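Please treat every number below as a calculation from the coordinates, not as lab data. Quick caveat: nothing in here was measured; it's all calculated off a predicted structure. Every residue, glycine among them, receives a Cβ derived from its backbone with ideal geometry; neighbour counts consider all protein chains shown.
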Amino acid sequence: MENQAQERKKIIFSGIQPSGQITLGNYLGAVRNWTQLQEEYRCIYSIVNMHAITVRQDPAQLRQRTLEAYALILACGIDPEKSIAFIQSHVKEHAEANWALACYTQFGELSRMTQFKDKSAKNPDNINAGLFTYPVLMAGDILLYQTDLVPVGLDQKQHLELARDVAIRFNGQHGNTFVVPDGYFPKVGAKIASLQDPTKKMSKSDPNPRGCVYILDPPETILKKFKSAVTDSEAQVAYREGKDGINNLMTIYSCVTGETFEQIEKDFSGKGYGDFKAAVGQAVADHLAPIRDQYARLMADKAYLESCYRAGAQKASRIAGRTLEKVYKKIGFLPQ
Ligand code: TRP
C-alpha cells in the first residue's frame, strides 16, 4: 500500500488562455516549465477558452486562437502521449463543476479578488457575472483532476488560494472529496521583463511593441528587438541591483543557453552592450527556431491536431467525470 502511494505520480494541472500569441515571458516563465515537468509528474494542460469569454471575443478569432494556442504548446514540447493536453470547452465537466462549486463560494470571497477589480476597472461596460465567477471556473479546472500541484504565476496565487478554500470547505461539509492543491513555484522563477521598460513585466500590451518578444517572431524581428533593448550607461555586463535592463537580458540569456550569471559575466567582460545584446538576440532566435518550425508543421496538419485534442478531451473527461460523479453524490443529486 505504502509503496503504491509513493509510486503514484503527483498530478499537475495548469491552464493558459488562448489570448493571442505566447510571449517569450509566458514561455520562459510558464510553458517551458510545463514541458520539463512531464517526466516527473502526471501533467494535465488545458487551453482555457471558457475563461477567455469573460472579456469580449470575436468568435472566428477565438476559434483560431484556441487552435493556435493548442498547436503552440505542443510545439513547445508538451507531448500529448505523455501528458493530457485538451481544450477546456470540450470537457463538459468544467461547466458543471463551475455551478456546483459556485454554491460553495461566497460573494464576499469573490469580491476581494484583485484580478476582478482590475478587469472590471478596465472593462467598465462589460462587468459580467462570468468575470466575477472566473475563479470558481478555475477552481473546478484544478479540483476535477485531484490536482496536487498547480504551476502558476504570482498573479494567479489569489485564485489558487480560493480553489484551496473551496476544496477545504467542501471536504469539511461532505467528507474527503477533493485533493487540496498546492502552488508550484519553480526554484528559479524566470520573470521576464519588457525589453523597453525593464521595471515592467513583458506583456502583449506593452505600449512599445519592441518591448515584447513573441515566440513565433521571425529571427530578424527577434534580433532587432534585442538590439533596441534598454540598458544602462555603465557598459558592464554584470548582474547587480539597479541594472534592470542588463539583469533581464542576462536572465533571458541564461534561460536559453543554460549558462550561469558568472559564466556570462566572464564571457562578456570587456565587451560592449552592443555585442551582448546581439548575442542574446541570436541565442533566443536559435532557441526558438525549432519551436517555430514545429508550429508551422502542426498548423499544416489540422487532422493530426484534431486527433490530439479529441484524445486529450476523452482522457480528461474520464478523470473529471469520476470526480464530478462523487461531487453530485455528496451534494445529494438523485442519480439517473
Ligand atoms: N487564470 C489563469 C491565467 O489567466 C489560467 C487558468 C485557468 C489556470 N484555469 C487554470 C491556471 C487552472 C492554472 C490552473 O493565467
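Just to be sure I follow: if Rg is taken over the C-alpha atoms of the stretch 28-165 and Rh is the Kirkwood radius over the same atoms, what is Rg/Rh?
In the stretch 28-165, Rg relative to Rh is 0.96.
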Taking only the alpha carbons of the chain, the radius of gyration and the largest Cα-Cα distance, Dmax, both in angstrom, are 21.4, 75
At the level of C-alpha centres, the distance separating the stretch 297-333 and the stretch 111-133, in angstrom, is 29
Taking a label point 7 Å from the Cα of residue 199 along Cα-to-Cβ, the residues of the stretch 210-254 whose backbone nitrogen sits under 20 Å from it are 210-212, 229-235, 239-251
Applying the span-like rule to the chain (DSSP H, Cα extent along axis at least 20 Å, Kyte-Doolittle mean at least 1.0) gives 129-143
Flagged as over-length at 31 Å C-alpha distance, from 10/224; 92/119; 9/243; 117/225; 191/326; 119/191, the pairs are 10/224; 9/243; 117/225; 191/326
Most packed first (mean Cβ within 10 Å per residue), the peptides 97-106, 38-47 order as 38-47, 97-106
Calculated from DSSP helices alone, with each H run of at least 4 adding -39500 (n - 2.57) and the total divided by the residues of the chain, [θ]222 nm to the nearest 500 comes to -16500 deg cm²/dmol
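Please get the size of the charge dipole for the chain, origin at its Cα centre, with Cβ charges of +1 on Lys and Arg and -1 on Asp and Glu, quoted in debye to the nearest 20.
Taking the Cα centre of the chain as origin, the dipole is about 740 debye.
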